[in-house]
Every structure is written in C-alpha cells, then in structure tokens.
2 protein chains.
Amino acid sequence: MQGREDNQDREERKKEGINQKRKTPKLRDKQGLTEEEFLAAYQPGDYVRPSVATDMVIFTITEQEEKNYRKLSEKNLSVLLIERGIHPYLNCWALPGGFICPNETAEQAARRELQEETGLSHVYMEQLYTFTDPKRDPRTWVMSCSYMALIDCRKVRLQAGDDAANVQWFHASYRLLNERKEYHHTEDGRGIKEIILIQEYELLLSPDKIEHPALDSLMLDTTKQDKLILRAILQKTITKTEEMESVEYQLLENYGLAFDHAKIIAYAIERLRRKVEYTGLALHLMPTEFTLTQLQQAYEVILGKTLLKPAFRRKISELVEETEHYTEKEGHRPSRLFRRKWEKQI
Amino acid sequence: MQGREDNQDREERKKEGINQKRKTPKLRDKQGLTEEEFLAAYQPGDYVRPSVATDMVIFTITEQEEKNYRKLSEKNLSVLLIERGIHPYLNCWALPGGFICPNETAEQAARRELQEETGLSHVYMEQLYTFTDPKRDPRTWVMSCSYMALIDCRKVRLQAGDDAANVQWFHASYRLLNERKEYHHTEDGRGIKEIILIQEYELLLSPDKIEHPALDSLMLDTTKQDKLILRAILQKTITKTEEMESVEYQLLENYGLAFDHAKIIAYAIERLRRKVEYTGLALHLMPTEFTLTQLQQAYEVILGKTLLKPAFRRKISELVEETEHYTEKEGHRPSRLFRRKWEKQI
DNA sequence: ATAATAGTGTCTCTGAGACAATATACT
DNA sequence: AGTATATTGTCTCAGAGACACTATTAT
C-alpha cells in the first residue's frame, strides 16, 4: 500500500535517528510526546507523492573503421539508448533507467540499472540534475534524478533488457544553431531591466555502425538503421536581471526520443564539456592503455574542436604515466601507450 | 488518495504529449492500444513512492560591528536556519524547505519557500544535489532536492513561519580537521588496487549577533544565544580505483542540526567555494553598490584565505563597473563604489 | 599628525598558444 | 620510397603572484 511501510523498516529508522547524538529524544512536544513516542505513532499523510526514477546518460567513445589503413579511425561521442517496447513513447528511444526502490539510494538504483544494461559495475558516475517538471511524463507525476556515467565501450556486452527492446550506441552531436538577445529596457528608457539570451541547439543521435561482435546477435536491420536519426531542437533561454539569472530548456522539436530525455542528454553533454576542461574526466572513457593521440581525440570529440598537440600533452601530462608498450602495425611510426596516473590524483 | 489524479490533470498531460511532434500516437502496442487509449486507461501502480522535499541553503554575508571606528567590520559567511517546533528533531535547527506539490517544479517549490521565509523572490538560485538516502528522515521515505540561494541580507525582513519557530542567520565555518590515506594493495603485492582518502571536516554554525532592526522583534535571549553553537563532524570518504571514484559523506557527530542538513550545508559550501573561483557568483551576495574591498572580503570569507589586492582587482575587473559614488565618514580615504556589470556577462 | 584603508605601478615567473623540426614503422 | 603519424623543441605573449609606493580622509 502506498505510504505504508513494514515494522522492521520503522525500527531501523528509529535506531538510525537515535544513533546520532542529539538532545531531541527526551524533549516533549506540545502534545507531550517524546520523539520516540512521536515516531512510533507516526502515520505518513495520505497526500499525493511523486514517483522518482533515475535516468542514466552513459557516454563512451566509439570509432568508425577507416578505409585508408594509414589514417586513424574517426572517433565519436556516443550515448546508450534503449528502444521502448511499451507505451508511452512506444518505439521511441529512451535513456536506461528505472524507478527507485524504498531500500536504495538513487545512486544505487542507477548502478543497478547500469549493471543490468551493460554488465559493468565499477565505472565513473555522477549525479547530474533532478528534473521535476510535473508534466514530463504523460502517465503520472514522475521526477527523474539523472546520472552520467563514463565507460569504455570495449568492456561492454550489450544486453537487451527483459522487455525485449533494442539497445544501441548512438553517436551524439549537439550544436548551437542560432542565438538572439533581447534587451528589455526600464520604463524611463534609460537603463536595462532584463536581458534574455535565446539559443537554439540541435541534438542529433544516429546509430553507430556495428563493429562490435557482441552487437551482431542483435541483428539490427542495417538498411533501416541508416534512416534512423533521432533529432531534437532545444531552446535554451537565459534570463538575466540585476538580481538574478535563470536558465530554462524547452523542447521545440523532438523526433524519436522518449519523454524529456533530449533535455537530459543535452544537459549531460554540457556538463561533460565543461568538466572535461578542468578535470581528468575523459580518462574514464579510455581503455587501460591508450595513446596520447587517442586521448586527444576523445577530448576533441567532446569539446567539438581541434586542439594543438604540444599544448594538449603539456596539460594532461600529470594525469597519465608512460608504459613500456607501443602500438604495432599501424602503418606509421608506433606510439607509446600510456595509462591513467590515478594513484597520484587524490 | 495516493497516486490518484483528477481528470483535468490527465487531460493536460495528454495535450502536452501530443503537442510534441512524434510518431507514437498512432502506433498500437501488444495489447492493440494506441498511446491515447493507453493513457486514458492508465492507472498508476499502487507501489510505495517517496515524499520529495526541497531544502534551501541560503547564503549571505553578514558583518560584525567593530569597536575601532577606523577598522573595517569583519565579514562572515552565513546560512539561514529555522528552529523546528515539532518532532522529529524538535528544537533543532533546520534548513528552510518543504514538500513539493504535484503542480510545481522543485525550483518553484524552493522559490515559494524562499519567498515565505525572506520575502525575496528574484535572487540567484541553483539546484545543488538530490539526497536520497532512504533513512535520512526517521518518519518515512523522504528525498531532498536541495537548492542554494545567494542573497544580500540587507534586503531581507526575516519572518518567523506559521509554526512560530525562530529564524536566524548562523555564521558558518567549515574546515578540514584531519585526513588520512589508505592504500589497498593487490594480492600479489606489486600494485595498488584502491586508495581511500578519509577526511574529517568540522561544520560550526553560530548565531550572528543581531544588528538588523527587523530581528529585534524576535526577542532572542542573548545570553542563551551565546551558548548556542551547532556543530557537526562530517567524514568525507573518497574511494579511488583504476576504474572509478566515489565520494561519500557520513555524519560522525551532529549537535543541534536536524536530519542530514549538516551534509547539505557542507555540500553547498564546497560547491560555493569551487564556483566562486571561476564565476562571478559572489556578486549576488553584494548590495547594488559596493566597494571592491567589500567584494574582496566576500571572496575571502568564502574561500577562507586572504587574497592579494592588485591580483583580485585585475581578476574581477570585467565583472564590475564604476559608479560616481564614494563611501563617506569611514575614518580613512573614501573608496569608490562599484556595481555589477551584469549586462555584459551573457 | 596619524591611523587605516584606497588605489596604482611594475617586476617576475609560469603556462598556454602557435609553429617548426625531427623520428619512425608499415605498405 | 613514401606516407601518415609520433615526439620534442622553442618563441612569444598574456596573466597571476608578489611587493612597493602614493593618495586621502576622519579623528
């Protein structure tokens, strides 16, 4: 029953509370109850509560096979999506996720989901944002506590979930299409009251070519696959006044993506781009041993711009350490393999 | 009733969904239903849902009166707390906050709460983190979607809430007491499997001296006030392995603060310290016109260290602009007043 | 006059940006 | 041999840190 919890759970809560040293337990409230008595008598109110789900934006770097044996393969920033087998948004693609159970934290729920979908458990993960628009789910009131995970897709065996839906990496492209500014002047016309910056971003998600053996079993129809491009237009409105500033996202168009997941993905990409600049976040996308050029390519696909090699190497030099291994059979000079210098970074 | 919603709400949801261009509505699922039919027949499941509240960490800069007329007043970073008049945590101090209603977003709920408590509506606010430990509230399953707000306390008329509890600014001090590292080696003893960094932080909250006229009406007993110092010891555990890293907070001691609010405040202070370094966030704590020294003091109390004047002025020069006003009767050379250059920062 | 802060000048050092030059395996 | 990438070197310029010096008011 909604809001009802078993006695064991109640007992545990009480212990938790009492274990924290505090003065409250002996105090009596206006009804003359101690905290212990209050909690024993407590009945959760019968008002409406939201469902709370976690949605995960799982990033990885995928690569496309090159025809020229000498050239390096082109890299992409990719996101894992699942095709929905049920209403609402039937046959649309959605982020992996699920409802949070009463005995777990949101992070535990997210890790459980990640494990089910990819088989991975020890990966980098961080909480992104909690989306609470009451109309974001057409069924009922559902909040989404979103997470971002960074993984190396080579470690993954993709598994279609119980609901027999497809799972697929989608190459993500997120770019600014246009922007405009509005200046709202004060009544006397002498100052500025408010500035609004309106930007339109395009989010494109196209299925990655299947090169991984584990994906063959999914038997996706390749001809159909080429036409499948998910597309969303997001309007980002930044409002500034002297006192405050606020950012708001709106979905102007949305083709093939479920719920507000285009918003969540856009938010994740923005966060990733920002954090990559000042942390070693991108290293979580790499295999154990990698070349510096591979790492630079990862940075480049995330930031959407090319970087100068010497500057890049200087910047990340404290984050990596040399191994004694080199690449082989690459059609050009072999390059040294590096690994994460994770021990030092604490 | 739990999970039940009225028809009007159902209608609105349906429209929202349909307004988004998508292919789903015509599709039929395995039961042969279109999305419209599915939603019309949809009954929310009768499983347990969490309550979701917002908690707000409202920061401001308060100042203590100096005896020496020449010296500048000492500044503090302060947080607004409310004394609880009911169980649980009766007579403990808590962050302002409340439950989210089904017709509003978390941010709207937070702004509503801020308005009730301080009378302010247009202030800087950002979502912090969603705390989901199922045992964080001894009553029942309650998640907290936390927000941080930055305000100028001179604009505030503090109002005791309906539950007749006290409202008070608390000077916040948050500092590292000690840290230790543990290295867990691999079985063969040749490498490192895991590094754990354990830090203990002390969070102290002491009531600010009442200097604001609006606070006089609260008639706090000053002798009692001096003894009232809230104190929490937080243990921050950072676990690193080659693949992942995770951060966990634990409350080792907690005197006088309700729930896990010490964790939320600590998280907010850490976020504020980080963001102040690379944004103009601190400007939201200032009055409309301020001296550069005042602004520097705000930075200093947030970061907990002194800054060099010329370097500081260079760094924030793009964020502020001159006015024609000067301070007066200060016992030393008057200083120019500046204001936020908010129009340019977009 | 003096205490205390306001405001500016400048020297040094570091780090990022930009371009150049050399090295090397694989077909 | 030729190609494409690997790797290192260095010049310049901007910005942060550090210290010093001058200016100005109320008591």
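Given H placed 1.01 Å from N in the peptide plane, which residues other than close sequence neighbours of A:ASP208 have an amide H under 5 Å from its amide H?
Those qualifying (amide H under 5 Å, at least 5 residues apart or on another chain) are A:TRP169, A:PHE170, A:HIS171.
Which whole-angstrom value gives the distance between the alpha carbon centres of segment A:187-204 and segment A:239-274?
After rounding, the separation between the Cα centres reads 16 Å.
Give me the one-decimal nm value for the distance between modelled label points at B:THR293 and B:ILE86, 7 Å along each residue's Cα-to-Cβ direction.
Here the modelled spin labels are 4.9 nm apart.
If we sort B:177-189, B:196-208, A:313-325 on the protection proxy, mean other Cβ atoms within 10 Å, highest first, what's the order?
B:196-208, A:313-325, B:177-189
Give the Rg/Rh ratio for segment A:94-154, taking Rg as the radius of gyration of the Cα atoms and Rh as the Kirkwood radius, to two decimals.
0.99
Using only Cα atoms, locate the centre of segment A:99-120 and the centre of segment A:38-55, then give the distance between them in Å, rounded to an integer.
Taking the Cα centre of each part, segment A:99-120 and segment A:38-55 sit 21 Å apart.
Under a point spin-label approximation (7 Å from Cα along Cα-to-Cβ), what is the A:PHE99-B:GLU242 distance to one decimal in nm?
4.0
Let me test this: with uniform point scatterers at the alpha carbons of segment A:14-150, what is the Debye-based log₁₀ I(q)/I(0) at q = 0.09, 0.10, 0.21 1/Å?
Each listed q corresponds, in turn, to -0.48, -0.56, -1.23.
Peptide B:79-92: average number of partner chain Cβ atoms within 10 Å per residue?
Mean partner-chain Cβ count within 10 Å for B:79-92: 5.
At what distance in nm do the modelled label points of B:LYS155 and A:GLN199 sit from each other, each positioned 7 Å from its Cα along Cα→Cβ?
2.5
Just tell me how shielded B:106-114 is by partners: mean number of partner chain Cβ atoms within 10 Å of each residue's Cβ, no decimals. Mind dumping the intermediate values first?
Numbers: counts 6, 5, 3, 1, 0, 1, 0, 0, 0.
Per-residue shielding by partner chains comes out at 2.
To make sure I understand, if each residue's beta carbon is the centre and we count other beta carbons within 10 Å, what order do A:ARG271, B:ARG154 fall in, fewest to most?
By the 10 Å Cβ count, ascending, the order reads B:ARG154, A:ARG271.
Apply the Karplus curve 6.51 cos²θ - 1.76 cosθ + 1.60, θ = phi - 60°, to the phi angles in segment B:124-139 and return the couplings in whole Hz, x for Gly and Pro.
Here the 3J(HN,Hα) series is 6, 8, 8, 6, 9, 6, 10, 8, 10, 4, x, 9, 6, 10, x, 7 Hz.
Taking segment B:81-205 on its own, what percent of its Cα-Cα pair distances exceed 20 Å?
61
Values in this text are rule-based calculations from the coordinates and carry no lab data. Nothing here was measured: the structure is a model prediction, and the numbers come from that model. No Cβ is skipped: glycine too gets one built from the backbone with ideal geometry, and neighbour counts run over all protein chains shown.
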